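Q: After the structure tokens below, expect a handful of questions from me.
Just so it is clear, none of the values below were taken in a lab; they were calculated from the coordinates. As the structure is a computational prediction, the values presented were derived from the model and not from experiment. Counting neighbours? That spans all protein chains shown, and the Cβs are built from the backbone with ideal geometry, glycine included.
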Amino acid sequence: MMFEGPGIIFFFLSVGAVALFGFLAVAAWSGARQQERESYYKNDMLKKLAESDTQSAVATLAYLQEKERAREAKSEAKKREGYLLGGLINIGIGIGLIVFLTAIVNDNRAVGLVGFIPALIGVALLIAAFLLSPKKAA
């Protein structure tokens, strides 16, 4: 038969790899294009506002500045949440590794101490989340 042996598996994996990387390329291009359009329209609007000298232009600029501050605050909050989540996940992995390695190695319990490496990385991420990243403005 024609569809037997390792050749079909290689063909399937090759087509899958080409499809995956083709999709990733199109998705990256599409995201960059959308960001470019948003930037263009924003700059065009700011140019038109700068040319007009009305009260509504001042109000619109104040609105845009407030929107930019809100976007930055949201970005910082998301970054802080990422540090918190990463820290908690690493602590959980470290504790699980300590328990697992201690359970499978009965004669040498010091092997379980390897789990302290990811646990301490998690603690460092939690410290970074609480101390180094800025808190929400009141």
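Q: For the chain, just the Cα set please: Rg and Dmax, both in angstrom.
A: Both quantities, over Cα of the chain: 26.4, 81 Å.
Q: Next question, about the same structure. Take the chain, mark every one of the trypsin sites (Lys or Arg not before Pro) that falls in a DSSP loop and has at most 14 other Cβ within 10 Å, then report the longest stretch left between them, sites excluded.
A: 1-134
Q: Determine, for the chain, the count of lysine pairs separated by eight or more sequence positions (or lying on different chains) whose alpha-carbon distance falls under 16 Å.
A: Values: 42/67; 67/136; 74/135; 74/136; 78/135; 78/136; 79/135; 79/136.
Number of lysine pairs found: 8.
Q: In degrees from 0 to 90, rounded to the nearest 10, what is the angle of the helix 116-127 Cα long axis to the longest principal axis of the chain?
A: That works out to roughly 20 degrees.
Q: While we're on this one: GNM, the chain, Cα, under 10 Å: largest mean-square fluctuation among 116, 23, 12?
A: 12
Q: Relative to the Cα centre, what is the charge dipole magnitude of the chain, using +1 at the beta carbon of each Lys and Arg, -1 at the beta carbon of each Asp and Glu, and rounding to the nearest 20 debye?
A: That gives a dipole near 380 debye.
Q: Report, to the nearest 10°, how far helix 6-51 tilts away from the longest principal axis of the Cα atoms in the chain, using its own Cα long axis and a range of 0 to 90°.
A: Computed tilt is about 30 degrees.
Q: Could you tell me the distance between the Cα centroids of the range 12-32 and the range 64-132, to the nearest Å?
A: With the range 12-32 and the range 64-132 each reduced to a Cα centre, they are spaced 32 Å.
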